[in-house]
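Encoded as structure tokens, the structure appears first; notes follow it.
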Amino acid sequence: MQQIVVYPGSFDPVTNGHLDIIKRSAQIFDQVIVAVFKNPQKQPLFTMEERVDLLKEVTKELDNVSVDSFSGLTMDYVRSKKAIAIIRGLRAVSDFEGEFQMALLNKELNREVETIFFMTDIKYAYLSSSAVKEVAQFGGNIDGLVPDLVKKALKEKYAL
Ligand code: PNS
């Protein structure tokens, strides 16, 4: 049986930290679905289409990775894809509490699906989409933090 996993998130926009988690998951599992969540409570910088397109472009060399979007519960989406696990990345201790709560809640919703955490590569421990957006907005250097394509997209958004 194919081992399918779902990596859900906002990806507003995808960073090199996300990409590292995607690549590492793709080495372990048969299929990785990167799933962009349509959050009605958040006003993203990039539209859903832009976020999906950027992800598709930066993962195009990875044969067993696909990109999709979803709304509603992650666990319902995971079930619809017959996935065995949810992938999440962990950076600092401060990530732990929220991730712990989310993993327990998801376990409550479906006991058969695991949440599997990938510890960040130390290179990306300080990296987040929000931090990248803030640096980019004020014209700071984001080389090495995001793929070149994302850097270009951020420059266009902030008209730099
Ligand atoms: O990249 P993010 O913003 O940390 O991703 C958070 C995400 C999308 C994984 C999380 O908010 C989520 O799963 N939302 C979908 C709604 C849901 O299933 N909620 C119950 C679990 S917290």
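Tally Lys and Arg at +1 and Asp and Glu at -1 over the other residues with C-beta under 12 Å from the C-beta of Asp12: what net charge comes out? Spell out each step's value before the answer.
Details: positive: Lys38, Lys42, Arg51, Lys133, Lys157; negative: Glu50.
With Lys, Arg at +1 and Asp, Glu at -1, the neighbours total +4.
Expressed as a whole percentage, what fraction of the accessible surface of segment 4-157 belongs to carbon and sulfur atoms when a 1.4 Å probe is rolled over the protein heavy atoms?
Numbers: 4480 of 8660 Å².
Carbon and sulfur atoms account for 52 percent of the accessible area of segment 4-157.
Using the heavy atoms of the protein chains and a 1.4 angstrom probe, tell me the accessible area per residue for segment 4-157 in square angstrom. Before the final figure, lay out each step's value.
On the way: 8660 Å² over 154 residues.
It amounts to 56 Å² per residue over segment 4-157.
Going by average Cβ density within 10 Å per residue, which order do the peptides 54-60, 141-147 take, highest to lowest? Walk me through the intermediate numbers first.
On the way: 54-60: 19.4, 141-147: 16.7.
Highest mean packing first, the order is 54-60, 141-147.
In the chain, how does Rg compare with the Kirkwood Rh, expressed as the Rg/Rh ratio over alpha carbon atoms? Each step should come with its number before you reach the end.
Working: Rg = 15.4 Å, Rh = 16.1 Å.
My calculation of the ratio gives 0.95.
Could you give the DSSP H helices of the chain that reach 27 angstrom or more along their long axis (alpha carbon positions) and whose average Kyte-Doolittle hydropathy is no lower than 1.6?
Details: long enough: none.
Once both thresholds are applied, nothing remains.
The values are calculated or read from the model by the stated rules, or taken from the named source; none is laboratory data. Not measured: the values here are computed from a predicted model. Methodologically, a virtual Cβ is constructed for each residue, glycine included, from the backbone with ideal geometry; neighbour enumeration extends over all protein chains shown. Just so you know, the surface numbers come from the protein's heavy atoms only, side chains and all, with ligands and any DNA or RNA stripped out. Shrake-Rupley method; radii C 1.70, N 1.55, O 1.52, S 1.80 Å.
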